[in-house]
Amino acid sequence: METLFSNIDKNREKVVCWFDGACGPNNPGGYLGMGIIVYQGGEYYTKFEGEKKRIINSNNVAEYKAFIMVLERIGDLKGKDITIYGDSNLVIQQMKGLWKIKGGMYKEYALQAKAIMKMITTNNDVSLEWIPRESNEEADNLSNEGILKVCPDYVGFKPYYQKRKKKFVC
């Protein structure tokens, strides 16, 4: 009898990834924050980055930059079962090839991600899964930490805002 897991190679190592991007306090034009989590071999790797305000920054740009951070982290893997979770339906659907990559500030990053994905999928089984924001809280917190890295007074980060309760001043 065939089950949900019948096609999984039991000898292949599983790698699970989460990503999230944020743009604040303005979208577009705000600071960018990107956060990722990669679980492999019983260990978690986390990373967050922030970027200064630029007119071309947007939430979609941040989401793609975070996705690319995951791809760069797993790029050298071979023979793995990789699942990547994100709460950006745009990124997930475009990278699955279900939605077209149109114009927009994110386009260059989408094309870059698509090229990297093509290389990674030649050596690994990769699945992309959309999850609701509430299920992506850890990566979301890391993306907000990325903004805090470049703007310590960013109040979009909930725990930080609850402590400080002040207006955005960066």
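The values are calculated or read from the model by the stated rules, or taken from the named source; none is laboratory data. Nothing here was measured: the structure is a model prediction, and the numbers come from that model. Glycine gets a Cβ as well: all are built from the backbone with ideal geometry, and neighbour counts include every protein chain shown. Note: areas computed on protein heavy atoms with side chains; ligands, DNA, RNA excluded. Shrake-Rupley method; radii C 1.70, N 1.55, O 1.52, S 1.80 Å.
Consider the range 131-148 and keep the residues that are small (Gly, Ala, Ser) and in contact with a strand residue (DSSP E or B) (Cβ under 6 Å, 6 or more places away or on another chain). The one that is surrounded by the fewest Cβ atoms within 10 Å (Cβ to Cβ) is Ala139.
Mind checking which residues of the range 108-128 are open to solvent by 70 Å² or more (accessible area, probe 1.4 Å) and either in contact with a strand residue (DSSP E or B) (Cβ under 8 Å, 6 or more places away or on another chain) or of a type outside the set (S, T, N, Q) (or both)?
Glu108, Leu111, Lys114, Lys118, Met119, Asp125
Which fully enclosed helices (runs of 4 or more DSSP H) of the range 52-137 have 3 or more residues being under 16 Å from Trp18 (Cβ atoms)? Result: 59-74, 89-96. Evaluation of Ile55 against the conditions (1) of a type in the set (Val, Ile, Thr); (2) more than 16 Å from the chain's Cα centre (by Cα); (3) modelled with pLDDT of 95 or more shows that the sole unmet condition is (3).
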